[in-house]
Amino acid sequence: MLIAIDGPAASGKGTIARRLAAHFGLPHLDTGLLYRATARALLDQGSKLDDVENAVSAARGLALLDFEEDRLRGREMGEAASVVAAIPEVRAALIDMQRAFASRPQGAVLDGRDIGTVIAPKADVKIFVTASPEARAQRRALELRGRGEKVDYPAILDDIRKRDTRDSERADAPLRPADDAKILDTTDLNIEAAFAAALEIVDRAEAAT
Ligand code: DC
């Protein structure tokens, strides 16, 4: 079974994807990490994020080693990832590895922005996870506080809004629900309820096939 989870920053899609993968015993790929690791490679080499040539070689040169998660998950890298993710050549450089992951024989769970629309348009189940910007900013603030980062709520909300605009308005593979995606609004749901709702969507889709 191939499950595609998309949605904006801090919508809960990552946690839902991880939990679904564990529940069904499927491999999981958080595709945001690919863009974050590309951005980190550029920042580490002192390159500008919009240098297309460097960005493409950084994307092509990603190695497992590049996915050490702590720094990748920080606020700075999310912003930087959103900038490199708008470069069509970077997206093209990362497509094959995502599609290869999605075509594993046992199935997979992928989460990102364009899984249901571009990476795996034939996925068995597509869920678009969303929540209000305020709810997402609250969650991000809690998460960052838990990681020991300084928390400035208005700045986080501003980031979330900017990131939504950048991710939704880019020309290539913009953030949007696939026509056949089920929308899951987690604004008023805790993680248990959000996971239960996602599981119900998957179970229904499976029962319908
Ligand atoms: O899911 P995330 O916050 O880790 O993603 C970071 C950025 O990467 C996000 O703002 C846009 C980009 N991204 C993307 O364009 N396509 C994906 N499939 C995943 C992430």
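Among the residues of the range 3-27, which ones are hydrophobic (A, V, I, L, M, F, W, C) and either free of Cβ contacts under 8 Å to residues at least 12 places away in the same chain or within 15 Å of the ligand (Cβ to nearest atom) (or both)? I3, A4, I5, A9, A10, I16, A17, A22, listed by residue number.
Of the listed requirements (1) within 12 Å of the ligand (Cβ to nearest atom); (2) in a helix (DSSP H, G or I); (3) modelled with pLDDT of 95 or more; (4) hydrophobic (A, V, I, L, M, F, W, C), M77 misses just one: (3).
Take the conditions (1) farther than 22 Å from A58 by Cβ; (2) free of Cβ contacts under 8 Å to residues at least 60 places away in the same chain; (3) surrounded by 21 or more Cβ atoms within 10 Å (Cβ to Cβ); V90 misses just one of them, which is (1).
Is there a residue in the range 58-74 that is within 8 Å of the ligand (Cβ to nearest atom), closer than 30 Å to R145 by Cα, in contact (Cβ under 8 Å) with a residue 60 or more places away in the chain and part of a helix (DSSP H, G or I)? No; the residues of the range 58-74 include none that is within 8 Å of the ligand (Cβ to nearest atom), closer than 30 Å to R145 by Cα, in contact (Cβ under 8 Å) with a residue 60 or more places away in the chain and part of a helix (DSSP H, G or I). Against the conditions (1) within 23 Å of V52 (Cα to Cα); (2) away from the ligand (no atom under 12 Å from the Cβ); (3) in contact (Cβ under 8 Å) with a residue 12 or more places away in the chain, D96 satisfies every one except (3). Which of the residues that make up the range 6-27 are small (G, A, S), within 20 Å of D159 (Cα to Cα) and not in a helix (DSSP H, G or I)? Answer for the range 6-27, where residues must be small (G, A, S), within 20 Å of D159 (Cα to Cα) and not in a helix (DSSP H, G or I): G7, A9, A10, S11, G12.
Looking at the range 181-208, which of its residues are assigned to a helix (DSSP H, G or I), of a type in the set (G, A, S) and in contact (Cβ under 8 Å) with a residue 40 or more places away in the chain? Don't jump to the end; show me each part of the working.
Residues of the range 181-208 that are assigned to a helix (DSSP H, G or I), as a first pass: 191-207.
Right, trim to of a type in the set (G, A, S) and you get 193-194, 196-198, 205, 207.
Across the range 181-208, the qualifying residues are A194, A198, A205.
Could you tell me whether F128 is at pLDDT 95 or above and in a strand (DSSP E or B)? Yes. Applying the criterion of being assigned to a loop (DSSP other than H, G, I, E, B) and within 16 Å of the ligand (Cβ to nearest atom) to the residues of the range 28-52, the residue that is nearest to the chain's Cα centre (by Cα) is T31.
When the residues of the range 123-134 are narrowed to those that are farther than 12 Å from I160 by Cα and of a type outside the set (S, T, Y), which ends up surrounded by the fewest Cβ atoms within 10 Å (Cβ to Cβ)? Among them, the one singled out is D124. Checking each residue in the range 144-194 for being in contact with a Leu (Cβ under 8 Å, 6 or more places away or on another chain) and acidic (D, E) picks out D164, D167.
Taking A108 as the residue in question, decide whether it is within 13 Å of the ligand (Cβ to nearest atom), under 19 Å from G14 (Cβ atoms) and more than 13 Å from the chain's Cα centre (by Cα). No: the conditions fail for A108.
Considering every residue within the range 146-153, establish whether at least one is modelled with pLDDT under 95, small (G, A, S) and away from the ligand (no atom under 16 Å from the Cβ). The answer is yes; a qualifying residue exists. Just need a number here: residues in the range 156-179 that are farther than 15 Å from V83 by Cβ and not in a helix (DSSP H, G or I). Looking only at that region, the number is 4. Have a look at A173, A137, A120 and point out the one that is more than 22 Å from E79 (Cβ to Cβ), within 15 Å of the ligand (Cβ to nearest atom) and surrounded by 17 or more Cβ atoms within 10 Å (Cβ to Cβ). Of A173, A137, A120, the one residue that is more than 22 Å from E79 (Cβ to Cβ), within 15 Å of the ligand (Cβ to nearest atom) and surrounded by 17 or more Cβ atoms within 10 Å (Cβ to Cβ) is A120.
The values are calculated or read from the model by the stated rules, or taken from the named source; none is laboratory data. Please read all numbers here as calculations on a predicted model, not as lab measurements. As a convention, Cβ positions derive from the backbone with ideal geometry for all residues, glycine included, and neighbour counts pool all protein chains shown.
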